Each structure stands twice: as C-alpha cells, then as structure tokens.
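The values are calculated or read from the model by the stated rules, or taken from the named source; none is laboratory data. As the structure is a computational prediction, the values presented were derived from the model and not from experiment. Positions of Cβ are generated from backbone atoms using ideal geometry, with glycine treated the same way; all protein chains shown enter the neighbour counts. The area values use the complete protein model at the heavy-atom level, side chains included, leaving out ligands, DNA and RNA. Shrake-Rupley method; radii C 1.70, N 1.55, O 1.52, S 1.80 Å.
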Amino acid sequence: MNVIIIAVISVTAIGIICAVILNVASKLMYVKIDERIAQLSEILPGINCGVCGYPGCSAYADALISGENVKPNLCTPGGVEALAKISSILGIEAGTIEQKIAVVSCSGDRISRQKKMAYSGIQTCEAASPLFGGENACSFGCLGYGDCQRVCPNGAICMESGLARISPHLCIGCALCVKTCPHKLISVEKKDDFPIIVACKNTEKGAIVRKKCTNGCIACTKCLKVCPDEAIVIENNLAKISYTKCSGCKKCAEVCVAKCIEVV
C-alpha cells in the first residue's frame, strides 16, 4: 500500500514541477503575434498561388507586416478590393494593381488536329504527356484533358472540343493553370497589354504543321506584312508579337491563313 501511495505522490510531484517549468517557459519564450497578420490572412484569397512571389497567402501576410517595405499590390487574384483593405490595415497608400489574365497559346481543337495514336490511359494531361507527348499528332498543343480546368479556383476555364478556353472576365490571374499545363501553353499576362495572341507553339516547318493541325501557324508572313506597327516577327517558324509595339489593330488576325491569331 505504501508503494502505491509513494508512486501517486511521485507522479503528482513530477506533474506539478513540469507544469511550473512549462508555465515559466511560456512566459520567457512568449512571442507577441501581430493581430494584423490574421486580418490580412482573411483578406487574401487563400489559394496559395504564389503570384506575389511568396510560398502562400500566410507568408505574404507575414512579409507585409515584417517592415521590409513589401508592396501591398502583389496579390493579383485579390484584385482592387483586397488591395484597398490591405492598405487600410497597414495605413499606407493603396497604389494600383495590374490586372492580369491567363491565355492559352493553342487553337488546335478536335476538328483541326490529327491524332498519332489512340490513348486509353488515365484521362489527365499529366499522365498523357510523358507518353510521346500525348495522342495528338502535334506534341506542342493542348492535350485536352482539363487539368487546368480542375485547378482553376474561379471557374474561368472550360474545355471546348478538347481545347482549354479561358474567360478573361472570370480569370483572376492566379497562374495555377500555368503550373499545371505540362506543355507550358498557358501564360499570365497584363490584361491591358495583351489584346491579341498567336495561339500556337509549334516550331516545326509549315508543311509539317499543316499535316498535324490545320489551325497551326505555318509562318506564312502575311501577318508580318500587314502589321502597321512592325510588331510581328517570325522566329523558329512561329509568328511572335511584341506587345510594346502592338496597337491592337487586329489586321494580323484578319489575314491569318490558319486563324491561329486570336483577339483576347
């Protein structure tokens, strides 16, 4: 019986000592947390896209409070509303935020593209791409399984005839689709500076491109010749537009034989 009593007393004493040590440690090692971090975390969209340059929304919130002069307008997905609230909490001027949208550089839908094989594996772009670039003859183009659509937090992407299409009105520029596309067909650009795109990434010669996809760029130079701004060049058998020169006249889209130059 004495052994049991001694054991109970010993355990109780140890518990009291540990509690005292933990209490003292909590006082000595206490780190004050700025309440503004929680407020900023609630304002930020919480999709952890990394567009701001930080690993996630909480990391960006910490950086804003750190006093390192981190800009409050780095959260493109949060938009003007989030910027205004962040600036109000930090007590600084809001400034401006660049509106950005994602664009798909491919126009090869099921009607225009040819197949090189029949694929019956896992129906994702991630799974199909390593297998000879997918089932489509053009290994540069959209695989059409909708990986980008599934990661879009705002429902801005839909699949039309096996081709990803992005709504500029719904896109918040989070770039999650950019990271998901195995063929790197999606890019996020400034909304105001990106009126027209060359929706093709195939750098093969025109005759080869034509056999694989009727909507592919064949580097015919017609767009180059009609551009009044000299904003178009042909590089690696592919038309490229300089958006610092482009005025958005749309003449290149009108004369494009393959109809791969599209107005955003």
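Side notes on the structure shown:
- Scanning the range 222-232 for residues that are closer than 10 Å to VAL255 by Cβ and either out of contact with any helix residue (DSSP H, G or I) (no Cβ under 9 Å at 6 or more places or on another chain) or assigned to a loop (DSSP other than H, G, I, E, B) (or both) gives a single hit, CYS227.
- Qualifying residue in the range 154-171 (condition: farther than 23 Å from GLU262 by Cβ, open to solvent by 40 Å² or more (accessible area, probe 1.4 Å) and not in a helix (DSSP H, G or I)): no
- Test: residue in the range 184-195 that is open to solvent by less than 30 Å² (accessible area, probe 1.4 Å), under 14 Å from the mean Cα position of the chain (by Cα), under 27 Å from CYS223 (Cβ atoms) and of a type outside the set (D, E, K, R): yes
- Residue within the range 93-109 that is of a type in the set (Asp, Glu) and closer than 30 Å to SER129 by Cα present: yes
- Which numbered condition GLN149 misses (of (1) touching a residue at least 40 places away in the same chain (Cβ under 8 Å); (2) open to solvent by 20 Å² or more (accessible area, probe 1.4 Å); (3) not in a loop (DSSP other than H, G, I, E, B)): (1)
- Residue count for the range 196-251, restricted to those that are within 28 Å of the chain's Cα centre (by Cα), open to solvent by 70 Å² or more (accessible area, probe 1.4 Å) and more than 27 Å from PRO168 (Cα to Cα): 2
- Checking the range 13-30 against the condition returns no match, with no residue being modelled with pLDDT of 85 or more and either touching a strand residue (DSSP E or B) at 6+ places or on another chain (Cβ under 9 Å) or acidic (Asp, Glu) (or both).
- Checking each residue in the range 83-119 for being at pLDDT below 90, surrounded by 17 or more Cβ atoms within 10 Å (Cβ to Cβ) and in contact with a strand residue (DSSP E or B) (Cβ under 6 Å, 6 or more places away or on another chain) picks out only LYS100.
- From the list ALA239, ALA175, ALA199, ALA164, the one residue that fits, being of a type outside the set (Val, Ile, Thr) and free of Cβ contacts under 8 Å to residues at least 60 places away in the same chain, is ALA239.
- Cross-chain or 6+ apart pairs with Cβ under 8 Å, the range 121-138 first and touching a residue at least 24 places away in the same chain (Cβ under 8 Å), then β-branched (Val, Ile, Thr): CYS125/THR180; GLU126/THR180; CYS138/VAL209
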